[in-house]
Structure formats: structure tokens, C-alpha cells
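Here the structure is laid out as C-alpha cells; the discussion comes afterwards.
The values are calculated or read from the model by the stated rules, or taken from the named source; none is laboratory data. Here the structure is a predicted model, which is why all the values come from computation and not from measurement. For neighbour counting, all protein chains shown are included, and Cβ atoms are generated from backbone atoms with ideal geometry for every residue, glycine included.
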Amino acid sequence: MTRVAQAVASELAINEVELRSRSLAASGPFRKMITGVVLFLAVCIVAVIGYVSAGWKLEDSIYMVIITIFGVGYGEVQPIESPGLRALTIMVIIAGYGAVIYTVGGFMQMLIDGELNRALGARRMTKEIDRLSDHTIICGVGRMGTILARELHASGKSFVVVDCDERSLQAAEDRGYLVINGDATEEHVLEQAGIRRASALATVLSDDATNVFITITAREMNPQVMIVARGENPRTEKKLLGCGANRVVLPTAIGATKVAQLIIRPTAENFLEQLTNEGSTKEELGLIGLQFDELEVTSGSPLVNRSLSHIEVRSNHGFLIVGIRHADGSTVLNPPADTTLLDGDVVIVLGQKDDIPQLAERFAATGNKMTYRGVTIET
């Protein structure tokens, strides 16, 4: 455990250093402007003190410093005859002009690099994120995160992308996504992404330790959010689930299973692959006249405390009950016909397009309630 803790701490330290270095690089023009302003004020203060020490009045000293630095040419307030005052005046001219030029240079660089436009864009993006609710937070916009964002965008789901890589974030922003530049293991970054209002969080970074920390942080900040985590090492799955993840996806295992199916059942897999190339999952099933849907068993439904065998539809095609999600969040795949349905259960159905609406209408006709496509039907 000590070695694991040291490795995790080392990884987080490296990530923090990289994040700080990127932040410093991005704020270069702003730092130049701030440094220039500080130098300018320091020169003014030193010069005023110098003139006051020579016996000048405070207001005359301030006036002399201003007209000297900006070179307005009004002449000297009092005769400058001593070598010390002349040296001080020369210092004011050189240092003052240098500070002003340095500040203006930083401002021009900010305009050239588009820092001002990015700052205004980030402000608008922050306002849009603050208005989100029941959205998804994607932590990591690598290969897997990019595909996930593309699928959510295609389905019309609202989401926010969080990452530290500026190039990846820029590519995501160019696609019209809402992005946040930051470390998702930090609470303030997740707070900025609206973790307390989010319905789901997907941490799909390639580093398992970082995914574990993100899962822990997100679960502490929002106990109700659904967390889907990526795991590169199969042994990490148990740790992620123990830290609060609802589901763990193992890309390596999924890829290996896909390869095995291509070898064992090449014809069926090729057929499914052809469907996949045509479009999204919904469109794929539509090509062969099928659709997935969810039927929620609500209070008062005739299905409550009855078995799956009582679900019928007046059609020649029939349908397949893929699984049941219980009210406590547990899921049963390929349930037997004698499985008892309870209030709050959601039946996942795969069937012909015309059969599922008939099923919903049949239950609605009894005077009871059933939810179809998120809408409660009742008579």
C-alpha cells in the first residue's frame, strides 16, 4: 500500500507541475503587463522620494515625475543644478520609459496572441456552463473522450469536457463543445464544471490512478451522480467500484472480446460491423426494423408484483426483454420469465418498432400508469 500511495502521490505531483507550467505559459502577456505596472509604480515612488529628499514639495515632486516620464515638455518645476538631482532625473526618464514600453509590449502581445478574445470566450463559456443542469462531465479528451463527446453531441446531450491538454481542448472547443482547462482531481475544477448539478461523470483518462482520484472526489462532492470510469488494468476495476464508480469500462477487454468474436463468428460480426458503419445505434437497429426502449413500471401498474410472463403484445413479431433495472440501481440481464416486477422497475425491451408503442398503449388503456419514452401515460 505504501508503494501504491507513493506512486499515486508522485503522479499527482507531476500532473500539478505540468498544469502550473501550462498556466504560466498561457498567462505570459498578463504577467508582463503586471510586471510593467509594478516597475512603473516603483520608479515613480523612488523618484518622488528622491525629489522630496532634495527639499521639493510633495505635489511638485509628483508633477515633476509625471511630466518627466511622459515627456510632455513643460519644463522643470525647479532648477536642477545638483549632480544628484540630474542623475535622479536621468534614472526617471530611462526607467520610466522602460516600464511603460514593457507594459505596452505585454498589452500588444496579448492582443496579437488573442488572449483577450480567449478571455472573453472563456467568460461566455463559464456562463453557459453555469446554466447547465443534469449534464455529463467528461474528464479527459483523448481518443476515448473524443469519441464519447462526439456521441453525446450527436444525441443532443449536454456535457462539459475537462482536461489539461490545451491542444486537445482547442480541438474540442472548435467542435463547439464546452471545455474547462484544469485538473479534474481538484474540487474547484469539478465545481466549475457543475458537478453538483450533473447527472453523470465519465472519467476516461489513460491513467488509472488519476481516474481513481477523480472518482473519489466526484463521489464526495455529489453522492447522487452516476460515475462511469475507464480502467486500463483489470485489477483496477475493483478499486474504482470501491471508490464510488457505478460502472467500469475496460477498453482492452472489450477490444479483445471483439477480436475473439471476429474469429469465432466472422459472418455475424461482419454484419453488425456493416450496420455500425451506417450510423448510430438507433439508426443501426432501425435498418432492420428494431428499436431499444425502456418501459417503467409505476405505482398502480397491473405489472406490479407480477412476473415477466404477463407482458404480452398483440403482434406477430414479438419482442425481447433484454434486462431489468430495479429501483435500487441493480440490473438483471436476460431475466427469466418468472422474474417478479416491482414498483419502480424499468424493463429494457428490444422489439419491432410498432410493438413497443402498442405495449405502452395497452397498459395505459387499463386506467393505470406506465412511462413510455419518459412520459407517463394514463387514461
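What the table shows:
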item	result
Flag for GLU151 being over 30 Å from GLY231 (Cα atoms), modelled with pLDDT of 85 or more and assigned to a helix (DSSP H, G or I)	no
When residues of the stretch 94-117 are limited to those that are exposed (fewer than 15 other Cβ atoms within 10 Å of the Cβ) and touching a helix residue (DSSP H, G or I) at 6+ places or on another chain (Cβ under 7 Å), the one modelled with the lowest pLDDT	LEU116
Qualifying positions in the stretch 142-200 - at positive phi and basic (Lys, Arg)	none
Single match in ILE34, ILE14, ILE62 (criterion: closer than 30 Å to ASP165 by Cβ and at pLDDT 85 or above)	ILE34
Test for LEU303: is it modelled with pLDDT under 75, surrounded by 15 or more Cβ atoms within 10 Å (Cβ to Cβ) and in contact with a Phe, Trp or Tyr (Cβ under 8 Å, 6 or more places away or on another chain)	yes
In the stretch 317-330, the residues that are out of contact with any Leu (no Cβ under 9 Å at 6 or more places or on another chain) and modelled with pLDDT of 80 or more	ARG325
Wholly within the stretch 170-250, helices (runs of 4 or more DSSP H) carrying at least 3 residues that are in contact (Cβ under 8 Å) with a residue 40 or more places away in the chain	208-221
Test result for VAL141, assigned to a loop (DSSP other than H, G, I, E, B) and under 9 Å from the mean Cα position of the chain (by Cα)	yes
Residue match in the stretch 70-84 (condition: surrounded by 11 or more Cβ atoms within 10 Å (Cβ to Cβ), at pLDDT 85 or above, not aliphatic (A, V, I, L, M) and not in a helix (DSSP H, G or I))	no
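Condition check ((1) in contact with a helix residue (DSSP H, G or I) (Cβ under 7 Å, 6 or more places away or on another chain); (2) more than 12 Å from ALA198 (Cα to Cα); (3) in the same structural domain as GLN192 (by TED's automatic domain parsing); (4) surrounded by 13 or more Cβ atoms within 10 Å (Cβ to Cβ)) across all residues:
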{"site": "ARG124", "(1), (2), (3), (4)": "no, yes, no, no"}
{"site": "ILE138", "(1), (2), (3), (4)": "yes, no, yes, yes"}
{"site": "VAL141", "(1), (2), (3), (4)": "yes, yes, yes, yes"}
{"site": "GLY145", "(1), (2), (3), (4)": "no, yes, yes, yes"}
{"site": "HIS153", "(1), (2), (3), (4)": "no, yes, yes, yes"}
{"site": "VAL160", "(1), (2), (3), (4)": "yes, no, yes, yes"}
